[in-house]
Amino acid sequence: MKRQFAVLGMGRFGSNLAIHLAQKGYPVLALDKEEKLVQHCADCVTLARICTDLEALREVGVANCDVAVVAMGHDLESSILSVVAVKELGVAKVIAKAMGDIHGKILLKVGADEVVYPEKDMAIRLANRLTFSNLLDFIELSPEYSLAEEKAPSRFIGKTVTELNSRQEAGLSIVAIKHNDHIMIGPTGNHRIESGDALVIIGETAKVNAFIKD
């Protein structure tokens, strides 16, 4: 059975999340206290409703959801109360959007299982792309590990994955290679790097950064 999601807060982040989850085929409850925001995504999700309190959340079936995402990050009080409410309903996993570190710590204290910082994460990714000309994308998986997609440097062209010996020399792993519209997951050691390839690498954040700068 597919997991069911509830998204509370139909701002730009919440509405886009709800719509994309629904497009992937998952049941989604889209909830907000403003009718205009609810109506915006009503045709795209399983159920869109106005919810202003715990009883309303209970009535629409939030307790039956596997994951609830509290997405009203700009409204500190509402996000705190919503986290408390969905936890009280027994939702197994609650993810909350935060606008800053203090906000995030408060949400974790009141019961959020995970906190996300969309604006901060996007700013970091964009800053890395603007700073390094070959970098296509950068995702911090945790404080210790990151994943980066980078155009293959000229010194790599014509060499095989084994010849690059990336794991031993830089402490990194090449987990995928993209060429035009084709992507190879887990390339073999004898795969040869071509001009125009993009390498998807993973490893300790410091080593990924060193590789990009080099």
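Readers should treat all values here as calculations from the given coordinates under stated rules, not as data from a laboratory. As the structure is a computational prediction, the values presented were derived from the model and not from experiment. As a convention, Cβ positions derive from the backbone with ideal geometry for all residues, glycine included, and neighbour counts pool all protein chains shown.
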(request) Just the number, please: Stokes-Einstein D of the chain in µm²/s, Kirkwood Rh from C-alpha pairs, 20 °C, 1.002 mPa s. (result) 110 µm²/s
(request) Pairs of Cα atoms under 8 Å, at least six residues apart: use those to get the relative contact order of the chain, whole percent. (result) 13 percent
(message) Quick check: pseudo-label points 7 Å beyond the Cα along Cα→Cβ at GLU114 and ALA92, how many nm apart are they?
(response) 1.3 nm
(message) For a Förster distance of 30 Å, can you work out the FRET efficiency between the beta-carbons of GLU194 and ASP137, rounded to the nearest 0.05?
(response) 0.95
(request) May I ask which of LYS36/LYS178; LYS97/LYS178; LYS159/LYS207 have a Cα-Cα span longer than 30 Å here? (result) LYS36/LYS178; LYS97/LYS178
(message) Which of VAL94, VAL69, VAL110 ends up with the largest GNM mean-square fluctuation for the chain, with Cα atoms connected below 10 Å?
(response) VAL110
(request) Just tell me the longest site-free run in the chain, where the sites are trypsin sites (Lys or Arg not before Pro) in a DSSP loop having at most 10 other beta-carbon atoms within 10 Å. (result) 25-214
(request) Please give the contour-minus-distance gain from GLU34 to ILE50: 0.36 nm per residue of separation, less the Cα-Cα distance, rounded to one decimal in nm. (result) 5.1 nm
(request) Take the alpha-carbon positions of region 121-213, form their convex hull, and give its projected area averaged over all directions (one quarter of the hull surface) in nm². (result) 5.7 nm²
(request) Fewest Cβ neighbours within 10 Å first, please rank SER195, SER78 accordingly. (result) SER195, SER78
